[in-house]
1. Enumerate the pairs (first residue in segment 85-100 and closer than 24 Å to ALA2 by Cβ; second residue anywhere and aliphatic (A, V, I, L, M) and within 8 Å of the ligand (Cβ to nearest atom)) with beta-carbon separation below 7 Å, excluding pairs fewer than 6 apart on the same chain, so at least 6 apart or on different chains.
2. Is one or more of the residues making up segment 166-183 closer than 30 Å to ALA402 by Cβ and surrounded by 13 or more Cβ atoms within 10 Å (Cβ to Cβ)?
3. Which one of GLY77, GLY43 is under 23 Å from LYS108 (Cβ atoms), outside any strand (DSSP E or B), near the ligand (Cβ under 10 Å from one of its atoms) and of a type outside the set (A, V, I, L, M)?
4. Residues GLY374, GLY358: which one is in the same structural domain as GLU329 (by TED's automatic domain parsing), at pLDDT 90 or above and either surrounded by fewer than 23 Cβ atoms within 10 Å (Cβ to Cβ) or in a loop (DSSP other than H, G, I, E, B) (or both)?
5. Could you check how many residues of segment 82-94 are more than 18 Å from ASP137 (Cα to Cα) and either part of a loop (DSSP other than H, G, I, E, B) or near the ligand (Cβ under 7 Å from one of its atoms) (or both)?
6. Confirm whether MET216 is out of contact with any Lys or Arg (no Cβ under 6 Å at 6 or more places or on another chain), open to solvent by less than 50 Å² (accessible area, probe 1.4 Å), within 16 Å of the ligand (Cβ to nearest atom) and not charged (D, E, K, R).
7. Identify the residue in segment 195-213 that is under 19 Å from PHE338 (Cα atoms) and either surrounded by 20 or more Cβ atoms within 10 Å (Cβ to Cβ) or not β-branched (Val, Ile, Thr) (or both) and, among all such residues, is nearest to the chain's Cα centre (by Cα).
8. Counting just the residues of segment 46-68 that are near the ligand (Cβ under 10 Å from one of its atoms) and touching a helix residue (DSSP H, G or I) at 6+ places or on another chain (Cβ under 8 Å), which one comes out least open to solvent (accessible area, probe 1.4 Å)?
Amino acid sequence: MAIEPLELLKRVFPSLGQLELEHLSGIAKIRTYPPDTVLCHEGAYEQTFYLISEGLVVVTKRFDERGDLILRRAGPGEFFGEMAIIQDAPRSATITTLEETTVLELDKSTLEKALSENASLALQMIRTTFDRVRANDQMTIRELRQAFETLERLDRAKLDFIQVAAHELRTPLTVMRGYASMLLSDPTIKANPMLLEITQGIASGSQRLHEIVNNMLDVQKIDMDTLQAAAIPVSLPVVLRGLANDFKDALVARNLRLDIELDKNGDLIYIEADPGLVTKALYHLLMNAIKYTPDGGSIRVSCAYEENEELGRVAHIQVSDTGIGVAPEHQQLIFEKFYQIGEVALHSSGKTAFKAGGPGLGLAIARGAVNAHGGRIWMESRGYDEQLLPGSTFHVLLPVQARKRPHHEGREMAPMAGIRSTHS
Ligand code: CMP
């Protein structure tokens, strides 16, 4: 049953007097629209205000290319289209008739006149509008939360798969590495250059696979927040010199120069940390510097001790390179596991080759290892440029005295584009 115009106006604007209501009723247009008619177009500048006399409409908001969000349905006695008029802004949502719908239509100037002449009416409409804005906010937050939960579930499923795959690969790999090293010490093979080269290939390939599997297990531990950092005296210079030695061949092969600059008293200062985790973090930073610096470039590692407002006395390690740099939009995300810059299809493998891809775990492991010490890790780069080579600097702060890490610090919400993680 259609609501009569006067009755409808009285319901929506109870504070208006009889004369004003009759005046509005006289100038309002009554229109009937078939189902599926769009009365308000989200984003458009439109100036009509509607009161529903009969029928049903749906309020929707564009969500993404996959579809719209239904905010609510509205029926007889309800109004819509006021927000754009009050705010002088585009439509905040789309309104479509779900069945044949009869409406009373008022234009912008009529509504504005009624509002300006009647303060309590204006207040009432503002209240409704605020309620709607709040409802829209809550809806958006609910949707975001659901999206986070879905992402977290997917992330967990991915990690479970990685753990199973890594464990399954580990046993046959151990066998392969064992046999490969036995073959390498066999005198017949040693005496035959071709067989020796093949066997060395098998040995280094299985060693590389072993490292990848270990990275997969490390990243899984980081995500499950089960990385426990020991707190024993660690000499950073010793760790750094050890790493420089590990990368010696790669640095020579790529014609890269590595300078390590230590604090004057560096050799004498120990930090309370987990030597394995600290080595891992710095290993991945150095590995990245090598990978993303073209042949002939240089890498500088410095370590100084300083006071940090939040962490107290810290070792500040910087790994700088003269490489291709990182674009600002990637600088936060590169610490997320599996994050790859560029197309995965163009991914080249190999450990220390220029721009060698890798599975995208190194920086996630470095961040996990630093966080496990209650430290900080971040990077700076003037941007990405393969010609100008702006370079990158990775910073790590490690507390000199081991800190008890609050449990929540290691947890991250599932990454979502545009949402910054809270630390690193
Ligand atoms: P306007 O922005 O002019 O055009 C779209 C209309 O949709 C808007 O005014 C409100 O009338 C209506 N609208 C927006 N959000 C909601 C909501 N959460 N609930 C009900 N109506 C809404």
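1. Going by the 7 Å Cβ cut-off, the qualifying pairs are ILE95/VAL59.
2. Looking through segment 166-183, at least one residue is closer than 30 Å to ALA402 by Cβ and surrounded by 13 or more Cβ atoms within 10 Å (Cβ to Cβ).
3. GLY43
4. The conditions single out GLY374.
5. Of the residues in segment 82-94, 2 are more than 18 Å from ASP137 (Cα to Cα) and either part of a loop (DSSP other than H, G, I, E, B) or near the ligand (Cβ under 7 Å from one of its atoms) (or both).
6. Values: out of contact with any Lys or Arg (no Cβ under 6 Å at 6 or more places or on another chain): yes; open to solvent by less than 50 Å² (accessible area, probe 1.4 Å): yes; within 16 Å of the ligand (Cβ to nearest atom): no; not charged (D, E, K, R): yes.
Judged against the criteria, MET216 is not a match.
7. Within segment 195-213, the first condition is being under 19 Å from PHE338 (Cα atoms), and the residues that meet it are 208-213.
Right, trim to either surrounded by 20 or more Cβ atoms within 10 Å (Cβ to Cβ) or not β-branched (Val, Ile, Thr) (or both) and you get 208-211.
Numbers: ARG208: 29, LEU209: 28, HIS210: 29, GLU211: 26 Å.
The extreme case among them is GLU211.
8. PHE49
The values are calculated or read from the model by the stated rules, or taken from the named source; none is laboratory data. Quick caveat, the model's predicted, so the values are computed rather than measured. Cβ atoms come from the backbone with ideal geometry, glycine included; neighbour counts cover every protein chain shown. We work out accessible area using only protein heavy atoms, side chains counted, and drop any ligands, DNA or RNA first. Shrake-Rupley method; radii C 1.70, N 1.55, O 1.52, S 1.80 Å.
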